[in-house]
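The structure under discussion appears below in the form of structure tokens.
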Amino acid sequence: MAEMHRLRIRVNGEDHELYVKPKTLLVEVIRDHLGLTGTKRGCNSGACGACTVILNGMAVKSCSVLALQADGGEVLTVEGLAKGAELHPLQRSFLDHGAYQCGFCTPGMLMSAKALLDENPKPTKEEIKEGIHGNLCRCTGYNSIIRAIAAVAEGKYEEAER
Amino acid sequence: MIRDFHYLRPQNLEEALGMLKEHAGEAKVIGGGQSLLILMRQGLVAPEYLVDIKHLDELNYIRFDQDGLKIGATTTHRALEKSRELAERYPIIPEMERTLASIQTRNWGTIGGNLSHADPAGDPAPVLIALGATVKLAKADGFREMPLEEFFLDYFETALEEDELLVEIAVPPISPRTGVAFEKFTIIGCDMGIVSATARLTLDEAGKCKEARVVLGGAAPVPLRARGAEEILGGEELKEEVFEEAAQKASEECEPISDIHASEGYRRELVRVLTRRMLKRAWERAAQG
């Protein structure tokens, strides 16, 4: 029987201390322990990107990160994007551009898009495609997603950012 | 379902090696876990102890000296992709990294983990072998070094002993008039490559081929040097016909399998086409540099 280990983690600005088995994955901490079910568990094998969160400033697939490796780290999930009732510019743009269909890939798409724009605020269309390369959408909604990210990069949602 | 294991978090390399010695045969090392966790979830690997080295910053470095390049085992793919100095001095490494899996995987996955996983379809190994890389393996009582191509023994099997850890990859300086090219064939962009080909050509002052290396991924149980193809190229006046002949030889001497992704014949044809294209690209690059 495996011992429990203490995990200290900051998620969406809130500090948590919990005890987990070593085999616990980051996505399990986020969804099952903390109840933040915005992050989706899709393929569960690092292929689909639906579980993408930002860990210490980098997009990672939370189904493929051991929770204990995130000890002392800072996680941003889709729930952390909006400020109160005010949606994040990316979320508003996704709505305006019809970038949701079934919505399953959306949390991961948003987090990959956020990580991209944090690193490169003015990406080209090719760079946007590269930025969401690790996120699958099975409704074939890529074009609207790319347009939505481009609109934010072009500054069309700057009002909302202030 | 991942089976329970004991989690060990060493504070430094020395402690990590001590843990591996103490639990030899029962322990696996985890870097970023981008490959290992998939195998553990499938139940293919179920270690009693997991030694986590991901956080060991003493193995996280990209350094240059007169002997060339040194990469620490816990360096991430993303760090290799983004290194400006690498882009200047070993541009093929960031070029290869840009198409390795996805950004998320490159952000967390380590080069040491990738090589130790020893998937013959992995991207870095053929490129590093083409560059003449060596690896440094550490144990509690000392180090040893070997050419990277000798590190791979079979599918997912390496020369690492049970208590041994890959700690560093060393790449010699690239000779003048050298060109290197790498490409893989995938069905979807972020899939594993079905077959990859890497070519390195070094020209002499007259523009003839001084040295050639052709390394294939996904075409044998290990990353494979196509030595027959290399022999055809060595000393030759390079032209399309020579590339075609070498590519044909490579497709004959490799040992691909048939699986759900591609048949043996399809893989051989990919080897032929990609090898020819990479030789030509490497030649053009060598002529420029």
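The values are calculated or read from the model by the stated rules, or taken from the named source; none is laboratory data. Keep in mind the model is a prediction, meaning the values are calculated, not measured. Here the Cβ positions follow ideal geometry from the backbone for every residue, glycine too, while neighbour counts run over all protein chains shown.
Is one or more of the residues making up the stretch A:28-36 acidic (Asp, Glu), exposed (fewer than 14 other Cβ atoms within 10 Å of the Cβ), under 25 Å from B:Ala46 (Cβ atoms) and within 11 Å of chain B (Cβ to nearest Cβ)?
Within the stretch A:28-36, none of the residues are acidic (Asp, Glu), exposed (fewer than 14 other Cβ atoms within 10 Å of the Cβ), under 25 Å from B:Ala46 (Cβ atoms) and within 11 Å of chain B (Cβ to nearest Cβ).
Would you mind finding the one in B:Gly43, B:Gly32 that is modelled with pLDDT under 95 and within 14 Å of chain A (Cβ to nearest Cβ)?
Result of the check over B:Gly43, B:Gly32: B:Gly43.
Need a quick list: helices (runs of 4 or more DSSP H) entirely within the stretch B:85-157 having at least 3 residues that are buried (at least 24 other Cβ atoms within 10 Å of the Cβ) and either touching a Ser or Thr at 6+ places or on another chain (Cβ under 9 Å) or in contact (Cβ under 8 Å) with a residue 24 or more places away in the chain (or both).
In the stretch B:85-157, the matching helices (runs of 4 or more DSSP H) lie at B:103-108, B:111-117, B:124-130.
Restricting to the stretch B:131-156, count the residues that are within 21 Å of B:Phe182 (Cα to Cα) and either of a type in the set (A, V, I, L, M) or in contact with a Gly (Cβ under 7 Å, 6 or more places away or on another chain) (or both).
The number of residues fulfilling the criteria is 4.
Consider the stretch B:20-29. How many of its residues are crowded, with 23+ Cβ neighbours inside 10 Å and more than 14 Å from chain A (Cβ to nearest Cβ)?
Matching residues across the stretch B:20-29 total 1.
Suppose the filter is over 21 Å from A:Cys137 (Cα atoms), more than 9 Å from chain B (Cβ to nearest Cβ) and β-branched (Val, Ile, Thr); does A:Val65 pass it?
When the stated conditions are applied, A:Val65 does not pass them.
For the stretch A:115-161, list the helices (runs of 4 or more DSSP H) that sit wholly inside it and hold at least 1 residues that are closer than 23 Å to A:Cys48 by Cβ and in contact (Cβ under 8 Å) with a residue 12 or more places away in the chain; which are they?
So the answer is A:125-131, A:142-153.
Could you please find all residues in the stretch A:45-56 being closer than 13 Å to A:Gly108 by Cα and either free of Cβ contacts under 8 Å to residues at least 12 places away in the same chain or in a loop (DSSP other than H, G, I, E, B) (or both)?
A:Gly46, A:Ala47, A:Cys48, A:Gly49, A:Ala50, A:Cys51
What's the number of the condition A:Ile30 fails, among (1) aliphatic (A, V, I, L, M); (2) assigned to a loop (DSSP other than H, G, I, E, B); (3) farther than 26 Å from B:Lys82 by Cβ; (4) outside the structural domain of A:Ile146 (by TED's automatic domain parsing)?
(2)
Output the residues belonging to the stretch B:221-261 that are buried (at least 16 other Cβ atoms within 10 Å of the Cβ) and on the phi > 0 side of the Ramachandran plot.
Within the stretch B:221-261, no residue meets the criteria.
If a residue has to be farther than 20 Å from A:Gly131 by Cα and either without any contact (Cβ under 8 Å) to a residue 24 or more places away in the chain or not in a strand (DSSP E or B) (or both) to count, how many in the stretch B:171-190 make the cut?
6
Go through the residues of the stretch A:27-42 one by one and say whether even a single one is within 20 Å of B:Lys54 (Cβ to Cβ), among the small types (Gly, Ala, Ser) and free of Cβ contacts under 8 Å to residues at least 40 places away in the same chain.
The answer is no; no qualifying residue exists.
Okay, residues lined up against (1) at pLDDT 95 or above; (2) more than 28 Å from B:Ser116 (Cβ to Cβ); (3) assigned to a loop (DSSP other than H, G, I, E, B):
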{"residue": "B:Leu216", "(1), (2), (3)": "yes, no, no"}
{"residue": "B:Pro221", "(1), (2), (3)": "yes, no, yes"}
{"residue": "B:Gln248", "(1), (2), (3)": "yes, yes, no"}
{"residue": "B:Glu255", "(1), (2), (3)": "yes, no, yes"}
{"residue": "B:His261", "(1), (2), (3)": "no, no, yes"}
{"residue": "B:Val271", "(1), (2), (3)": "yes, no, no"}
{"residue": "B:Leu274", "(1), (2), (3)": "yes, no, no"}
{"residue": "B:Leu279", "(1), (2), (3)": "yes, yes, no"}
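Are there any pairs, at least 6 apart or on different chains, whose C-beta atoms fall under 9 Å, with the first in the stretch B:245-265 and in contact (Cβ under 8 Å) with a residue 60 or more places away in the chain and the second among the basic types (Lys, Arg), and if so, which?
B:Pro256/B:Arg267; B:Pro256/B:Arg268; B:His261/B:Arg267
So which residues in the stretch A:57-74 are free of Cβ contacts under 8 Å to residues at least 60 places away in the same chain, among the aliphatic types (A, V, I, L, M) and within 15 Å of A:His33 (Cβ to Cβ), if there are any at all?
A:Val65, A:Leu66
Filter the stretch A:6-27 down to the residues that are crowded, with 17+ Cβ neighbours inside 10 Å, farther than 18 Å from B:Gly32 by Cβ and out of contact with any helix residue (DSSP H, G or I) (no Cβ under 6 Å at 6 or more places or on another chain) and list them by number.
A:Val11, A:Lys21
Hey, any hits in the stretch B:52-61 for a residue that's farther than 17 Å from B:Leu166 by Cβ and crowded, with 19+ Cβ neighbours inside 10 Å?
Taking every residue of the stretch B:52-61 in turn, none turns out to be farther than 17 Å from B:Leu166 by Cβ and crowded, with 19+ Cβ neighbours inside 10 Å.
So B:Met96 clears everything in (1) more than 30 Å from A:Ala113 (Cα to Cα); (2) within 19 Å of the chain's Cα centre (by Cα); (3) assigned by TED's automatic domain parsing to the domain that holds B:Lys139; (4) not small (Gly, Ala, Ser) except one condition, right? Which one?
With respect to (1) more than 30 Å from A:Ala113 (Cα to Cα); (2) within 19 Å of the chain's Cα centre (by Cα); (3) assigned by TED's automatic domain parsing to the domain that holds B:Lys139; (4) not small (Gly, Ala, Ser), B:Met96 is out only on (1).
In this structure, is A:Glu3 in contact (Cβ under 8 Å) with a residue 24 or more places away in the chain and either assigned to a loop (DSSP other than H, G, I, E, B) or within 21 Å of A:Thr106 (Cα to Cα) (or both)?
No: the conditions fail for A:Glu3.
Here is a yes/no grid of residues against (1) crowded, with 23+ Cβ neighbours inside 10 Å; (2) out of contact with any Cys (no Cβ under 8 Å at 6 or more places or on another chain); (3) outside the structural domain of A:Cys137 (by TED's automatic domain parsing); (4) not in a helix (DSSP H, G or I):
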{"residue": "A:Gly72", "(1), (2), (3), (4)": "no, yes, yes, yes"}
{"residue": "A:Val75", "(1), (2), (3), (4)": "yes, yes, yes, yes"}
{"residue": "A:Phe94", "(1), (2), (3), (4)": "yes, yes, no, no"}
{"residue": "A:Ala99", "(1), (2), (3), (4)": "yes, yes, no, yes"}
{"residue": "A:Gly103", "(1), (2), (3), (4)": "no, yes, no, yes"}
{"residue": "A:Gly108", "(1), (2), (3), (4)": "yes, no, no, no"}
{"residue": "A:Ala113", "(1), (2), (3), (4)": "yes, yes, no, no"}
